[in-house]
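Undergrad: Attaching a single structure in structure tokens format; questions to follow.
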Amino acid sequence: MTFRDWADEKGNTLANQDDECEVRAEWAKFYMKNLQAGSVLVYESAYQKFGRQQLDSMLDEQWHKTDLQWVQITEKGVTDTHKDAPNRPGKGLTTKH
């Protein structure tokens with residue numbers, strides 16, 4: 001199963017289907033219909049490192065938090081991002097200038 005297949009399948013299992021999953025080349029963003037509820041951004045590198053089952057567990061753990069903000073899952077694990085960062089992958093990360 002490819003990362004895209006996993007992301008599409010996972011998006012279809014979440015509540016309020018069709019509005020919760022945006023899949024791109026190297027990442028997928030799962031978000032609740034209420035944009036204030038937050039989102040989980042998952043990178044393909046996390047899928048490659050952790051595999052389908054572990055990544056499912058990681059996403060589910062974040063998704064079911066009542067205070068879900070904006071988090072991302074990378075090959076390094078789960079990290080919080082800034083609240084103003086739900087629309088652009090990578091925003092909120094420390095970057096070198």
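Undergrad: Mind checking the alpha-carbon convex hull of the range 3-80 and giving the volume per residue in Å³?
TA: It comes to 77 Å³ per residue, whole-number rounded.
Undergrad: At a 10 angstrom cut-off on C-beta neighbours, averaged per residue, how do the peptides 37-49, 64-76 rank from highest to lowest?
TA: 37-49, 64-76
A short reminder: the numbers here are calculations on the coordinates, not readings from a lab. What you are looking at is a predicted structure, and each value in this text was computed from that prediction instead of being measured. All Cβ positions, even for glycine, are placed from backbone atoms using ideal geometry, and neighbour counts span all protein chains on display.
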